[in-house]
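The values are calculated or read from the model by the stated rules, or taken from the named source; none is laboratory data. All values reported here derive from a predicted model rather than from experimental measurement. Glycine gets a Cβ as well: all are built from the backbone with ideal geometry, and neighbour counts include every protein chain shown. Surface areas here come from the heavy atoms of the whole protein model, side chains and all, with no ligands, DNA or RNA. Shrake-Rupley method; radii C 1.70, N 1.55, O 1.52, S 1.80 Å.
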Amino acid sequence: LKVLHKVVAALSSGGKKVSVPFEDSKLTQLLRDPLGGNCKTMMLVTVAPTLGAVAESSAALAFGQKARAISLGPASKIK
């Protein structure tokens, strides 16, 4: 999941030209099309309402906020 976090961070960096490390894991290779702008994508973030899960829930919300900042534009059809 660290590599997915790196990919989301690279994609949400705005207008900067940053290399996106899709090849670094099998998961990000599978998510290349959805995250790369060729599909409509929805990410769900779940949090636990317990006091013992505050740190994990906070990290999940921070990840979701970074993922929300990604703007890929309209999906394009690959021929």
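Using a probe of 1.4 angstrom, how much of the accessible area of the stretch 1-72 is carbon and sulfur, in percent? Show your work: numbers first, answer last.
Numbers: 3180 of 5430 Å².
The C+S portion of the solvent-accessible surface of the stretch 1-72 is 59 percent.
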For H5, what is the net charge nearby, where nearby means another residue's Cβ is under 12 Å from its Cβ and Lys, Arg count +1, Asp, Glu -1?
+2
Obtain the nm distance between the two label points defined at A53 and K26 by a simple spin-label model: each point lies 7 Å from its Cα along the Cα-to-C-beta direction.
2.6
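Calculate the FRET efficiency for K2 and N38 from the Cβ-Cβ distance with a Förster distance of 22 Å, rounded to the nearest 0.05.
Values: r = 24 Å, r/R0 = 1.09.
Efficiency, from the Cβ-Cβ distance: 0.40.
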